[in-house]
Amino acid sequence: MMNKSLYKLLPVTTITILMLLLSFPSFSQKKLKGKTFSALYSTVKTKTEYGGKCMIYTYCSLKFDKNTVTVSFNSEADCKSSQVQKEVEKSSEQTYEWYTVNKQIHIKDFNGFEPLSFSDGKLVGKKLSSDKSNTIEFHQEP
């Protein structure tokens, strides 16, 4: 038969172990903290008002901190008109909370893509758009 003092210690020990487990960041959080990943988000071919053609490339980068990720979008134009390039080449940046569930990376309140998976040093997921869903692959920046 167990000693009564052991019964009193059991809940305390269980709570202590649970608190220790929850205080450590998950495997993915440790691996991603301080790292930046980038991907080509979209490519659009368009005509300028002057009849020229222009390619617009939009890149997305993810810069991870302990509990937040900064999501940046940068657009570049490859066209002959410098005026069009100035109008197109813009960037935006916003910071979100992030967390992991079942080895998937979730970015809270961001609707650009589905949860990402970390595999072979890159992040892979599905890009969401109004008409389709495409695979997006982020590579770590040096």
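Remarks
- Links that overshoot a 30 Å alpha carbon limit, given the list Lys53/Lys122; Lys30/Lys90; Lys53/Lys127; Lys30/Lys126; Lys45/Lys103: Lys53/Lys122; Lys30/Lys90; Lys45/Lys103
- Estimated at the nearest 10 Å², the accessible area of Glu114 is 80 Å² with a 1.4 Å probe.
- Difference of contour (0.36 nm per residue) and Cα-Cα distance, Lys53 to Asn134: 26.6 nm
The values are calculated or read from the model by the stated rules, or taken from the named source; none is laboratory data. In this text, all values refer to a predicted model and were calculated from it rather than measured experimentally. Please note that ligands, DNA and RNA were not included when accessible areas were found on the heavy atoms of the full protein model with its side chains. Shrake-Rupley method; radii C 1.70, N 1.55, O 1.52, S 1.80 Å.
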